Amino acid sequence: MQLQESGEMYLETILILSQKKPYVRSLDVAEYMGFSKPSVSRAVGLLRNGGYLDTDESGHLLLTDLGKEIAEKIYERHQVLTKVLTCIGVNKETAADDACKIEHDISDETFDAIKKYIEKNKK
(Lines give C-alpha, C1' and ligand atoms only; values in the text may rest on other atoms or scores of the structure.)
Protein backbone atom coordinates (compact mmCIF):
# COMPACT_ATOMS: atom_id res chain seq x y z
CA MET A 1 0.00 0.00 0.00
CA GLN A 2 1.45 3.34 -1.08
CA LEU A 3 1.05 5.84 1.75
CA GLN A 4 -0.42 9.20 0.81
CA GLU A 5 0.57 12.56 2.27
CA SER A 6 -2.35 12.52 4.70
CA GLY A 7 -1.26 9.13 6.03
CA GLU A 8 2.27 10.44 6.54
CA MET A 9 0.86 13.42 8.43
CA TYR A 10 -1.13 11.14 10.74
CA LEU A 11 1.95 9.02 11.45
CA GLU A 12 4.07 12.11 12.10
CA THR A 13 1.40 13.49 14.45
CA ILE A 14 1.22 10.22 16.39
CA LEU A 15 5.02 10.25 16.72
CA ILE A 16 5.05 13.85 17.97
CA LEU A 17 2.25 13.20 20.45
CA SER A 18 3.92 10.00 21.69
CA GLN A 19 7.00 12.05 22.55
CA LYS A 20 4.85 14.31 24.75
CA LYS A 21 2.40 11.83 26.27
CA PRO A 22 2.59 8.31 27.70
CA TYR A 23 -0.09 7.16 25.24
CA VAL A 24 -1.90 8.58 22.21
CA ARG A 25 -5.61 8.29 21.53
CA SER A 26 -7.55 9.07 18.36
CA LEU A 27 -9.07 12.03 20.19
CA ASP A 28 -5.59 13.46 20.81
CA VAL A 29 -4.82 13.19 17.09
CA ALA A 30 -8.14 14.83 16.17
CA GLU A 31 -7.51 17.75 18.53
CA TYR A 32 -3.88 18.21 17.43
CA MET A 33 -4.69 18.14 13.72
CA GLY A 34 -8.03 19.94 13.95
CA PHE A 35 -9.87 17.05 12.29
CA SER A 36 -13.16 15.41 13.21
CA LYS A 37 -13.18 12.20 15.23
CA PRO A 38 -14.82 10.26 12.35
CA SER A 39 -12.08 11.40 9.95
CA VAL A 40 -9.39 10.27 12.37
CA SER A 41 -11.16 6.95 12.98
CA ARG A 42 -11.27 6.28 9.25
CA ALA A 43 -7.58 7.16 8.85
CA VAL A 44 -6.62 5.00 11.83
CA GLY A 45 -8.45 2.07 10.27
CA LEU A 46 -6.64 2.53 6.96
CA LEU A 47 -3.26 2.88 8.67
CA ARG A 48 -3.93 -0.20 10.80
CA ASN A 49 -4.95 -2.21 7.71
CA GLY A 50 -1.81 -1.02 5.93
CA GLY A 51 0.43 -2.26 8.74
CA TYR A 52 1.55 1.20 9.90
CA LEU A 53 -0.35 1.32 13.16
CA ASP A 54 -1.70 -0.92 15.91
CA THR A 55 -4.06 -0.26 18.77
CA ASP A 56 -3.90 -1.80 22.20
CA GLU A 57 -6.83 -3.10 24.26
CA SER A 58 -7.48 0.45 25.55
CA GLY A 59 -7.57 1.92 22.05
CA HIS A 60 -4.21 3.64 22.35
CA LEU A 61 -2.43 4.18 19.03
CA LEU A 62 0.93 2.45 18.58
CA LEU A 63 3.16 2.88 15.56
CA THR A 64 4.44 -0.36 14.04
CA ASP A 65 8.11 -0.51 13.09
CA LEU A 66 7.15 0.48 9.54
CA GLY A 67 4.92 3.31 10.76
CA LYS A 68 7.61 4.60 13.09
CA GLU A 69 10.22 4.50 10.32
CA ILE A 70 8.03 6.61 8.04
CA ALA A 71 6.99 8.98 10.84
CA GLU A 72 10.62 9.58 11.86
CA LYS A 73 11.62 10.20 8.23
CA ILE A 74 8.87 12.78 7.73
CA TYR A 75 9.54 14.43 11.10
CA GLU A 76 13.26 14.72 10.37
CA ARG A 77 12.46 16.32 7.01
CA HIS A 78 10.11 18.76 8.73
CA GLN A 79 12.72 19.77 11.29
CA VAL A 80 15.59 20.14 8.80
CA LEU A 81 13.54 22.00 6.20
CA THR A 82 12.11 24.37 8.83
CA LYS A 83 15.65 25.12 10.01
CA VAL A 84 16.90 25.75 6.47
CA LEU A 85 14.01 28.07 5.68
CA THR A 86 14.43 30.07 8.89
CA CYS A 87 18.18 30.34 8.22
CA ILE A 88 17.50 32.03 4.90
CA GLY A 89 15.15 34.55 6.50
CA VAL A 90 11.69 32.99 6.45
CA ASN A 91 9.76 33.61 9.68
CA LYS A 92 9.40 30.54 11.88
CA GLU A 93 5.64 30.02 11.39
CA THR A 94 5.81 30.31 7.59
CA ALA A 95 8.92 28.12 7.53
CA ALA A 96 7.14 25.39 9.50
CA ASP A 97 4.05 25.59 7.24
CA ASP A 98 6.14 25.46 4.07
CA ALA A 99 8.32 22.65 5.42
CA CYS A 100 5.14 20.64 6.03
CA LYS A 101 4.23 21.01 2.36
CA ILE A 102 7.72 20.21 1.06
CA GLU A 103 8.49 17.27 3.37
CA HIS A 104 6.07 14.96 1.58
CA ASP A 105 7.23 15.69 -1.97
CA ILE A 106 10.98 16.18 -1.77
CA SER A 107 13.05 13.28 -3.11
CA ASP A 108 15.40 11.32 -0.87
CA GLU A 109 18.27 12.42 -3.11
CA THR A 110 17.51 16.13 -2.72
CA PHE A 111 16.89 15.85 1.01
CA ASP A 112 20.15 13.96 1.54
CA ALA A 113 21.99 16.63 -0.47
CA ILE A 114 20.48 19.37 1.73
CA LYS A 115 21.57 17.53 4.88
CA LYS A 116 25.09 17.07 3.51
CA TYR A 117 25.26 20.75 2.55
CA ILE A 118 24.21 21.79 6.04
CA GLU A 119 26.79 19.52 7.67
CA LYS A 120 29.53 20.75 5.35
CA ASN A 121 28.71 24.41 5.93
CA LYS A 122 28.10 24.41 9.70
CA LYS A 123 29.69 27.32 11.42
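The values are calculated or read from the model by the stated rules, or taken from the named source; none is laboratory data. None of these values were measured; they are calculated from a predicted model. All Cβ positions, glycine included, derive from the backbone under ideal geometry; neighbour counts span all protein chains shown. Please note that ligands, DNA and RNA were not included when accessible areas were found on the heavy atoms of the full protein model with its side chains. Shrake-Rupley method; radii C 1.70, N 1.55, O 1.52, S 1.80 Å.
Miscellaneous remarks
- Residues residue 42 and residue 107, FRET efficiency given R0 of 35 Å [Cβ-Cβ distance, rounded to 0.05]: 0.75
- Computed with a 1.4 Å probe over protein heavy atoms only, the accessible surface of the chain comes to 65 Å² per residue.
- Given +1 at the Cβ of Lys and Arg, -1 at the Cβ of Asp and Glu and no other charges, the dipole of the chain around its Cα centre is 400 debye to the nearest 20.
- For the chain, the fraction of alpha-carbon pairs in successive 5 Å shells from zero, as %: 2, 11, 20, 22, 18, 12, 9, 5, 2, 0
- For the peptides 67-74, 11-18, 87-94, 98-105, the ranking by packing is 11-18, 67-74, 98-105, 87-94, with the highest mean count of neighbouring Cβ atoms within 10 Å listed first.
- The length gained on full extension between residue 86 and residue 19, counted as 0.36 nm times the residue separation minus their Cα-Cα distance, comes to 21.7 nm.
- With 21 Å as the limit on Cα-Cα distance, the pairs of 83/122; 73/116; 68/92 that go past it are 68/92.
- Placing a label point 7 Å from the Cα of residue 54 along the Cα-to-Cβ line, the residues of the stretch 14-39 whose backbone N sits under 15 Å from it are 24.
- Vicinal HN-Hα couplings computed from phi for the stretch 86-101 (Karplus, 6.51 cos²θ - 1.76 cosθ + 1.60; Hz; Gly/Pro x): 5, 5, 9, x, 7, 5, 4, 5, 5, 4, 5, 5, 5, 4, 4, 6
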